[in-house]
Structure formats: C-alpha cells, structure tokens
Amino acid sequence: MTKSALVCTSVLALAALPGCKAAPPTQPPPVAQAAPEPEPEPEPEPEPPKVPDDAIAVGTFNVEWAFDEIDKRPKKARPHQAKTAEDWAWKRDSIAKILVEEELDIVTLIEVGGEREANDIADAVLSAGGYRYDVACLPTHDKHTGQHVAVLSRFSMSNTRRFQTQIAKHVATDIDLPSGDTVTLVGLHLRESQQPAYASKRRKAARALQRELHKTLQTPFILTGSFGSRVHPYDDDYGKRTPGILASRHNRDEADDCTDSASEAGRTNVAGDPVDHIVTCGLEMRRAETSAEGATVRESDDPSELPWPAVPIEEDPYRDVSDHYLVWAEIAMPKPEPEPEAEDTDGVSL
C-alpha cells in the first residue's frame, strides 16, 4: 500500500469512529450593518407676516393707568399708581408681552403715565424680543388725571406737536413709512362720561380738530385712541356723535369720508362698548380686529372697581392688565388713480 493510500485509509477510519465528526469549515464573522441615518426633521414653515409688504399694522391700546411708582401724581391718579417697583415691572412687562405678540408697526398708548413710562415700555418690548420702537409723547394738558398719550413707532417720527383743540390729552406726529410716504398720526383720549354736558364738549372738540386736520394737513392721516362716545358706525346717529364727526361722516360729500375700525372691531372693552377707534383718512383700511382679550382681562367677571395696584401681585391671574382690549388695523397707502388715456385731436384714444 502506498503512503498516500495509507493516509486516506487512516482519515476514513477516524471519521468512522463513534462520536467523531469532521470539523465544519470555518465561517467568516458576520459583518455588522450600520444603522440607517434618521431622516432630518422638516424645517417648520415660517410664520406669515402680520400684514403684506404694501401695508402697515397700526394699533391703539388703552393701558389703564400705566403709572410707575416714581413721583407724586395728581390726587385722582394716586390710587391707580404702582405702589412698588415690582408692581410697575409687572404692569410694564405685561403690556410689553402683548405688544411683542401683536407685532405692530405703530401703536398708540392711552392712559400712560408719561414719557418715562412710554420709554420704559418700549425698552421692555425690545428686551423681550420685540420691535425697536421710537416714542413720541408730550406733557399732558390734563392736570386732573396726569394721563398722557404716547405713540410708539418702528419708523422715524418728526414734528411731534399738538393741534389747536380743547382735547387735553392728544399728540400728533408725522411718520415716514418705508414706502416713502408720510402720514400724520394723531393719538387722542376723550373723556368717556356719557353725561350730556361732557358729550356736548366732546362733539365740539371733535369738530374743531376735524376742521383743523382737513385744513392744515397735506398728508393722509390716522386718528387713534379712546373717543369716549359709545356708538357704532351702523347706528342712526353715528354721524352726529364724536366718532362719526372725526370720521367726517357729517359731511355732505361722501368722498371726504374716512374709515372707522369700529365697523369691524366694535367691542373694544369688557363692557362691549366701541370706545377705542382707528380712523383712516386718505388711506385704505383693509381690515380691523380687537386682540389680546385674554391677555388683558384675566377673569370673565373683571374688571372690578378696584384699581389694578390694589390686587396683590401674588394674585397674578386675578390682576387685569387693562379693562380695554387692543385694537389694530391693516392699513395701506391708496393706489394712485390711473392716468386718463390721451386722446388725439379727433377725440380717439391713443
């Protein structure tokens, strides 16, 4: 037997022994599969702008005695003045939070303590991530309450002034818009008493202001603020009441009429009264709304007769920011009238 045959016979004999098996062929270790990369989260859709590029967002907000704790105030104002710096910080920051959320290009603040408080609110808006506002405010002529009217604007303001009128609480300023146009904005606060004597004074003052505006202004204008009278544009006597007078509804020529936000946003305080208005003259008001109701009035049965500082700061949910809502409107410059078609000498349009 040859040597190779002997080896083969020995291998076969070993394989035949009980309990002996041939070793299986060596297998390569399994290759680990990499986990698939997770799909990236889709980018959230950006929030649409509040108004389109050819319009501005204008608001008015009666902030109900926004007085800080500094300085001595008129007797009527003292119960409504912040008692401590913490009180004022609460009021200021609550107003600022609303303005940040509303993203208004221009807003009039009614019943603010003065220029200091208005600037303080504007700074708080910026610190909270909102717009950078310039402030227009003049010392009040109302020595009884000490309340002021202030205008906050993203756009540059100039020629801040008053008009010759008996309206003690008002301010006017010219605002340069990004479009290159200039508008005059007038913020005013008329006394809200419904007694006949006060209503008569309001109407007289409104007529004087309306005449001066139409006589002296060469630019479109916007009136904002609390007009005092509780009348809707659809009421029969609207044209004879303060808002209708300011909107020029007593004129015989309807072409001079202005647009009143109360046509769409007529419930501007907790009582459901149309006391806060935005009136545009020579401009297009596309829509108007009340806003921030839940942020200003905390409880459905509020406001109580107590001034806001009388409610302890620890009871934040029961502390109203104001008894008025914010009103805002989308306002656009009017589109120019199309030029008439030229005609040749035979009267045929070219």
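Details
- Kirkwood-Stokes translational diffusion coefficient of region 128-248, alpha-carbon pairs, 20 °C, 1.002 mPa s, µm²/s: 140 µm²/s
- Extension reserve of the ALA310-TYR234 stretch, reckoned as 0.36 nm per residue once the Cα distance is removed: 23.5 nm
- Protection proxy ranking, highest mean first, for peptides 67-76, 167-176: 167-176, 67-76, where packing is the per-residue count of other beta-carbon atoms within 10 Å, averaged.
- Highest mean packing first, where packing is the average number of other Cβ atoms within 10 Å per residue, the peptides 226-235, 84-93, 196-205 line up as 226-235, 84-93, 196-205.
- Solvent exposure of region 46-187, expressed per residue, is 43 Å² of accessible area, with all protein chains present and a 1.4 angstrom probe.
- Separation in nanometres of the label points that stand 7 Å from Cα toward Cβ, at SER193 and HIS214: 2.9 nm
- Whole-percent carbon and sulfur share, accessible surface of region 63-136, 1.4 Å: 44 percent
- Label-to-label distance for ASP257 and GLU37 is 6.3 nm, based on points extended 7 Å past Cα in the beta-carbon direction.
The values are calculated or read from the model by the stated rules, or taken from the named source; none is laboratory data. Since this is a predicted model, take the numbers as computed values, not measurements. Cβ coordinates were reconstructed from backbone atoms using ideal geometry, including for glycine residues, and neighbour counts include every protein chain displayed. The area values use the complete protein model at the heavy-atom level, side chains included, leaving out ligands, DNA and RNA. Shrake-Rupley method; radii C 1.70, N 1.55, O 1.52, S 1.80 Å.
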